[in-house]
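Accompanying notes for the structure given below.
The values are calculated or read from the model by the stated rules, or taken from the named source; none is laboratory data. Since we're looking at a predicted model, the values are computed, not measured. In this analysis, Cβ positions are derived from the backbone assuming ideal geometry, glycine residues included, and neighbour counts consider all displayed protein chains.
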Amino acid sequence: MANKEMSVAELREKHMAAAETVNSLRERLRQKRLILLDTDVAGYARAQGRSAVTFGPTDLVCCRTLQGHTGKVYSLDWTPERNRIVSASQDGRLIIWNALTSQKTHAIKLPCAWVMTCAFSPNGHSVASGGLDSVCSIFNLNSPADKDGNLPVSRMLSGHKGYVSCCQYVPEEDTHLITSSGDQTCVLWDITTGLRASVFGGEFQSGHTADVLSVSISGMNSRMFVSGSCDTTARLWDTRVASRAVHTFHGHEGDVNAVKFFPDGNRFGTGSNDGTCRLFDIRTGHQLQVYQQQHGENEASQVTSIAFSISGRLLFAGYSNGDCYVWDTLLARVVLNLGSVQNSHENRVSCLGLSADGSALCTGSWDTNLKIWAFGGHRTVI
């Protein structure tokens with residue numbers, strides 16, 4: 001018995017020593033990378049004489065407020081044809097909106113009211129949602145309503161052991177989607193069969209070590225996706241190699257709440273509880289830029305959600321204090337704060353998304369409303 005106790009103690013000691021070695025090597029690697037990165041995107045752009053985007057309060061104006069939810073709005077998504085939006089709320093409903101008229105076309109009562117995420121299918125005929133029931137539910141918008149007027153669930157994707165935090169359909173595929181979960185994994189689902197095609201993370205050492213909060217699939221290569229987690233990292237995955245992440249990206253000092261691929265597919269952005277957004281390169285693994293608020297003595301507001309403009313020149317970031325910054329990604333400057341203009345939200349901006357053609361931004365908030373912001377005046381879509 002004494003020998004067993006000794007062996008356990010020895011194993012624990014060896015494990016602690018190995019963990020210290022790993023942390024030491026990781027810090028040395030971080031320092032080496034800092035030496036190699038003698039500049040960032042903004043520093044290089046300034047050295048090249050590039051000027052910031054000029055952006056005024058009339059260049060992005062609130063043209064519609066979508067009212068109908070009775071609880072906090074947690075998630076939203078646009079259809080590819082840009083004229084419809086789905087939103088998910090604490091009131092336990094998904095609402096499908098006509099973005100051009102503000103009319104509601106569907107109000108779907110969810111089997112579990114604790115919803116956290118929603119997404120439109122590429123063809124716009126279905127929506128997916130997930131939340132604290134650990135299930136991703138699919139609704140066919142063309143299905144007839146039941147006798148109580150509710151839209152039935154057409155497919156339930158069950159398999160996660162924790163809440164479903166985010167879901168996204170694979171671009172141009174209505175039969176596959178990827179979910180992230182509080183069980184530290186992401187899953188690629190075959191909606192036709194309702195089965196898991198691949199699981200990313202979990203028992204594998206290269207997976208996340210805490211809740212996964214967000215995913216983004218590359219628009220240039222749908223086999224690649226990134227995930228953000230409470231373990232402060234973002235990870236790049238290839239759906240053909242589920243056993244280990246292609247790369248792990250360090251830098252944040254808080255939960256990574258949002259990830260979004262850059263339009264060219266070679267970079268991606270992140271938003272975190274540490275109050276910063278960051279830009280990473282998937283080819284080199286390097287951090288290219290930090291987007292940080294100037295916030296005096298007050299603690300930085302958490303970044304809840306991000307989106308890029310069509311060209312990637314603008315980064316839209318929603319914050320827990322109700323701000324919504326428009327960043328110039330090249331020079332890392334805030335060119336507009338939608339939280340300070342007329343008709344802004346009165347609470348946390350919890351989600352946002354750009355229409356497929358880049359002509360409008362939609363923001364959702366804990367104030368129960370969604371707002372559509374249109375590029376106005378002489379401004380063309382950037």
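For segment 60-93, how many residues meet the condition of being assigned to a loop (DSSP other than H, G, I, E, B) and over 16 Å from residue 347 (Cα atoms)? So the count comes out to 8.
The combined condition, being of a type outside the set (Val, Ile, Thr), at positive phi, surrounded by fewer than 19 Cβ atoms within 10 Å (Cβ to Cβ) and modelled with pLDDT of 95 or more, is not fulfilled by residue 322.
Only one entry in 94, 188 is assigned by TED's automatic domain parsing to the domain that holds residue 224, surrounded by 15 or more Cβ atoms within 10 Å (Cβ to Cβ) and closer than 21 Å to residue 372 by Cα, namely 94.
For first residues located in segment 126-143 and not assigned by TED's automatic domain parsing to the domain that holds residue 176 and crowded, with 19+ Cβ neighbours inside 10 Å, partners that are modelled with pLDDT of 95 or more and assigned to a loop (DSSP other than H, G, I, E, B) and lie 6+ apart or on another chain with Cβ distances below 9 Å do not occur. Among residues of segment 231-243 being at pLDDT 95 or above and in a strand (DSSP E or B), the one that is farthest from residue 303 (Cα to Cα) is 238.
Among residues of segment 206-225 that are assigned by TED's automatic domain parsing to the domain that holds residue 264, those with a beta-carbon under 7 Å from a residue that is in a strand (DSSP E or B) and modelled with pLDDT under 95 at least six positions away or on a different chain give the pairs 207/201; 208/201.
Checking each residue in segment 8-50 for being modelled with pLDDT of 80 or more and either touching a helix residue (DSSP H, G or I) at 6+ places or on another chain (Cβ under 7 Å) or assigned to a loop (DSSP other than H, G, I, E, B) (or both) picks out 40, 48, 49, 50.
This table checks each residue for (1) touching a Lys or Arg at 6+ places or on another chain (Cβ under 9 Å); (2) not β-branched (Val, Ile, Thr).
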position	(1), (2)
329	yes, no
336	no, yes
355	yes, yes
360	yes, yes
365	yes, yes
376	no, yes
